[in-house]
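Chemist: Quick one: the structure is below, questions incoming.
Every number in this text was worked out from the coordinates using simple rules, so none of it is lab data. Nothing here was measured: the structure is a model prediction, and the numbers come from that model. Neighbour counts run over all protein chains shown; Cβ positions are idealised from the backbone, glycine included.
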Amino acid sequence: FESLLKSGEKGVTIWERNFQLSFCSVWLLLAIIIYEQSTGEDDGLPVFAGWTINTVMITLTSALGGLLVAACLKYADSILKTLACSGAIVLTTVVGFLLLDGQL
């Protein structure tokens, strides 16, 4: 997959590939919405029912992380990616220790 992204061939860009994948997901989400409305479980907009600000922030953080992974795959080499993953693990451990009183 990585070599496909980094090759100089004019093919499908990563943004086009992401659009293709999300287009397939839309149909599944639409089926869930139609099912919930037909069973009477409709509570306004059923997809976002019960979402809090924490849920929204976690979702946005995950989406941003996905974009960063895509950019890393596109522009970085394997040594830099390994270094970034190692740094992320160490940073997550330290932040978990400081903020959540976890074990080190």
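Chemist: Measuring from label point to label point, each 7 Å out along Cα→Cβ, what is the L91 to F48 span in nm?
Modeler: So the label points at L91 and F48 sit 2.9 nm apart.
Chemist: May I pose another question? Kindly rank 82-93, 20-31 from highest to lowest mean number of other beta carbons found within 10 Å of each residue. Mind showing how you got there, number by number?
Modeler: Values: 82-93: 10.9, 20-31: 9.4.
Order by mean packing, descending: 82-93, 20-31.
Chemist: Another one. Could you give the Stokes-Einstein D for segment 45-104 in µm² per second, using the C-alpha Kirkwood radius, 25 °C, 0.890 mPa s?
Modeler: Numbers: Rh = 14.0 Å.
Result for D is 176 µm²/s.
Chemist: What list of ³J(HN,Hα) couplings, whole Hz, do you get for segment 68-83 from phi and the Karplus terms 6.51, -1.76, 1.60, once you set θ to phi - 60° and write x for glycine and proline?
Modeler: Whole-Hz 3J(HN,Hα) from phi for segment 68-83: 5, 5, 5, 5, 5, 5, 6, 10, 9, 8, 5, 5, 5, 5, 5, 4.
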